[in-house]
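S.K.: Sending over a structure as structure tokens; questions will come in a sec.
What follows is calculated from the coordinates using simple rules that are stated; it is not laboratory data. Given the structure is predicted, the values throughout are model-derived calculations rather than measurements. Note that each Cβ is placed from the backbone with ideal geometry, even for glycine, and that neighbours are counted across all protein chains shown.
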Amino acid sequence: MSRPSTPVPAADDPLARERSHLAGSRAALRAMREDVESLDIKDVTANWVNAEVLARQINDRIKALADLSDTPLFFGRLDYLHSPGADRAEGAEGERFYIGRRHVHDHDGDPMVIDWRAPVSQPFYRASKKDPMDVGLRRRFGYTRGDITAYEDEHLSDPAEAAATSKLLQQEIERPRVGPMRDIVATIQPEQDEIVRSGLGGTVCVQGGPGTGKTAVGLHRVAYLLYAHRERLARTGTLVIGPNRSFLHYIEQVLPALGELSVQQATVDDLVAKSVEVRGTDDAPAAVLKGDARMAEVLRRAVYSHVTMPAEPVMVVRGSRRWRVPAYEIEEIVRELLDRGIRYGAAREALPQRIAHAVLVQMERSGEAPDDRVQDAVARNPAVKAAVKAIWPPVDPAKLVLRLLTDADFLAVHADGILDEDEQKTILWAKPVRSVKSAKWSSADAVLIDEATDLVERTHSLGHVVLDEAQDLSPMQYRAVGRRCSTGSATVLGDLAQGTTPWATRSWDEALAHLGKPDGVVEELTAGFRVPTDVITYASRLLPHIAPGLTPVASVRENPGFFDLRQISGTAEVVAACEELLRHEGSTGLIAADARVPALADALTAAGIPCLAPGEETTAETRLTLVPASLAKGLEYDYVVLDEPQAVVDGEPDERTGLRRLYVALTRAVSGLIVTHTAPLPAQLAG
């Protein structure tokens, strides 16, 4: 196969040399892709199953080697004073590495671009004037539609050069947001890099205010772990859990852009609502109680209440012989299984084998020599099967939860000493239900069924789980997520100030305990890269009222951003504010209390302004998204119009939750925010 070549630019034109290296790297990546596409697997697979698996792996590899024309293949360069790992003898020659989203090599196997996750790339993110990490030069590149248009150098080992803020870094951070979330691989900061590269064995919880990059850090940590532990995670699997489908759609392109295609995405509801259909809702008091960690013990009692101690011996007939296992001996077996704390279903499967073993002991004492086949046959004996059914009957998790929620006496027995009478009445259904299928299950009910299912049969554990917007989970939801990584690790992302559910997380230590990861490390990100200074300063007025212990976000943006408060007389002025912001490049979001969304949608239609729903991708023609405040969390727009702050607060069941919802809405803007209101602003925003 012929390999493309690129012209060599003049030695005195650095930008031309870098463009030449980019062209050569793109050609090399194209050749790598062609090599994979040309693979012939007909003679290397033993059967069609292996052929299908290998074909799928090759197809994934081809996708991972795609060259995205608008995405820079590399974004930085490191010139080391010495070769990494070599002796740093005087006069030793250093090496140069281009840092990019994925590894690219030429036809000789020499690297042209180094993966950002490789150890040799780490100084690009962490080296400084104080600690140059043997880097003589760090170069950042500026791009326009995939082409290099600028570069910026830092001579980290030169004491004569003062430290300075990178202009290209600032421009990349402030670049307009159009379409889904993009990666931050070119702008990762040292404190973020420490979290990204933390090991697979430990769970990390990241507390981060608006715009601190916690979601991006979590996604990049997944990409890093897949790079560093690919074989292990290929076996055990990885999962990203988000608060809703709109959010997952918004972030779904980040990992594929980094070459990672195997990570699953889901909401908590997706995980737990597999055995029943969620068609109902709970009022806040019932939802809070159903999400309370105490419900786990109620369920455990209810499940194991089905175990009954034997009253009769078991008589096994084999040929002309009869073997009798007395009731007291069976009771000892049952109590031993209960004391071991194994899953209800696993213990039920073990019980017939234990009874059969007791029979085999009697056989051996009588002079027989039974083997494992005899034990299996005894375990299948009708008398043994009947005894097991009576002692340890099967349990259907959904039917069990249905009985707890509809049978006051059954609930009272198993909630005794855990829930008081009023709490029991709060979660009981008012109307009887005929069957599991006819029940209008709520999301909280599905979590209870998931807990009961795990008591019966162990939930499959993944290697790593990323849980985003975790502050809104109930203790029982944390337990559901924890079951999915019981033998693996987790990255927990959230902001206590943005908790907008009645059961919102009070502390991360408490959350990690419910997750089953009490030894998890809590890290805090306080440098804001997304929200402009004037906007985050205004929103932070709410912090003393919603999360008094948190450190306010300090924006590192040099551009203070655009911020304006406008008292208006009607929706026409809201529409006018949207039209004003749409004159700027990038995306615009109109965020409003859920109840006001229909009227605003009508006003936009009347004005001839098309708009999208959250999660729908912006286009050049349609750059305005109408966002209910309840769905704003995790999303970002270049410019935001926030309609009627007091209505956002009033739309929640209590003032604290409403103020937290308002804090979320105020912090979605990247470049500018206009707040419009006819009613007085909430008193907590007074400055």
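S.K.: Once both labels are modelled 7 Å past Cα along the beta-carbon direction, what's the V522-D654 spacing in nm?
M.R.: 2.0
S.K.: Quick check on segment 70-165: take the gyration tensor over C-alpha atoms, sort the square-rooted eigenvalues as a ≥ b ≥ c, and tell me if it's rounded (a/c under 1.5), prolate or oblate.
M.R.: Numbers: a/c = 2.15, a/b = 1.19, b/c = 1.80.
Cα axes put segment 70-165 in the oblate bin.
S.K.: I'd like the distance separating the alpha-carbon centroids of segment 521-570 and segment 578-621, in whole Å.
M.R.: A separation of 23 Å, based on Cα centres.
S.K.: Per-residue counts of other Cβ atoms within 10 Å, averaged by peptide: what ranking do you get for 306-317, 115-126, 49-60, highest first?
M.R.: Ranked by mean Cβ neighbours within 10 Å, highest first: 115-126, 306-317, 49-60.
S.K.: Which value, in debye to the nearest 20, describes the size of the charge dipole of the chain about its Cα centre when Lys and Arg Cβ atoms bear +1, Asp and Glu Cβ atoms bear -1, and nothing else is charged?
M.R.: Using only the charged Cβ atoms, the result is roughly 2000 debye.
S.K.: Compute the FRET efficiency between F562 and A595 as 1/(1 + (r/R0)^6), taking r as their Cβ-Cβ distance and R0 = 30 Å, and round to the nearest 0.05.
M.R.: Values: r = 28 Å, r/R0 = 0.92.
E between F562 and A595, to the nearest 0.05, is 0.60.
S.K.: Related question: In segment 256-276, whose amide N lies under 11 Å from the spot 7 Å out along Cα-to-Cβ of A64? List them in ranges.
M.R.: Of the residues in segment 256-276, 259-263 have backbone N under 11 Å from the label point off A64.
S.K.: Please give the Cα centre distance for segment 184-210 versus segment 294-354, rounded to the nearest Å.
M.R.: What the calculation gives is 48 Å, centre to centre.
S.K.: Give the separation of the Cα centroids, segment 438-478 to segment 249-264, in Å.
M.R.: 24
S.K.: Ok, one more. Can you pull out the trypsin sites (Lys or Arg not before Pro) in segment 403-439 that DSSP calls coil and that have at most 11 other Cβ atoms within 10 Å?
M.R.: Those that pass, being in a loop and sparsely packed, are R434, K437.
S.K.: Oh, and also: Using just the helices of the chain, give the 222 nm mean residue ellipticity in deg cm²/dmol: DSSP H runs with n ≥ 4 each add -39,500 (n - 2.57), and the total is spread over all residues, rounded to 500.
M.R.: After summing the helix terms and dividing by residue count, I get -12000 deg cm²/dmol.
S.K.: R0 = 35 Å: FRET efficiency of E194 with T622, Cβ-based, nearest 0.05?
M.R.: Efficiency at R0 = 35 Å is approximately 0.35.
S.K.: Could you compute Rg(Cα) / (2.2 N^0.38 Å) for the chain, with N its residue count?
M.R.: 1.17
S.K.: Also, I was wondering about something else. With just the Cα atoms of segment 523-573, tell me how far they stretch along each of the three principal axes, in Å, largest first.
M.R.: So the extents along the principal axes, rounded to whole Å, are 45, 28, 12.
S.K.: For D509 and S486, what is the calculated FRET efficiency with R₀ set at 25 Å and r taken between the beta-carbons, to the nearest 0.05?
M.R.: Plugging the Cβ-Cβ distance into 1/(1 + (r/R0)^6) gives 0.85.
S.K.: While we're here: May I ask which residue of H677, P382, Y80 lies farthest towards the positive end of the charge dipole of the chain, with charges of +1 (Lys, Arg) and -1 (Asp, Glu) on Cβ and the Cα centre as origin?
M.R.: With unit charges placed on the Cβ atoms, the residue in question is P382.
S.K.: Just tell me which lysines come within less than 18 Å, Cα to Cα, of K431; anything on the same chain fewer than 8 places away is out.
M.R.: The reachable lysines, counting only those whose Cα sits under 18 Å from K431, are K290, K399, K440.
S.K.: For the chain, what is the percent of antiparallel DSSP beta bridges, rounded to the nearest 5?
M.R.: Taking every DSSP beta bridge with both residues in the chain, the antiparallel ones total about 35 percent.
S.K.: Using θ = phi - 60° and the Karplus relation 6.51 cos²θ - 1.76 cosθ + 1.60, list the HN-Hα couplings for segment 23-40 in order, rounded to whole Hz, with x at every Gly or Pro.
M.R.: 4, x, 5, 5, 5, 5, 5, 4, 5, 4, 5, 5, 4, 5, 4, 8, 5, 10
S.K.: Could you check the spin-label model distance between E161 and D270? Points 7 Å from the Cα along Cα→Cβ, value in nm.
M.R.: It is 4.5 nm.
S.K.: Now for a separate question. Return the distance in nm (one decimal) between the two label points of a simple spin-label model at F410 and R583, each offset 7 Å from Cα along Cα→Cβ.
M.R.: 6.6
S.K.: So, one more: Give the peptides 233-245, 157-169 in descending order of average Cβ contacts within 10 Å, highest first.
M.R.: 233-245, 157-169
S.K.: Something else about it: Taking a 30 Å limit on the Cα-Cα distance, which of the listed pairs K274/K633; K129/K214; K63/K437; K274/K389 fall beyond it?
M.R.: Where the Cα-Cα span goes over 30 Å, the pairs concerned are K63/K437.
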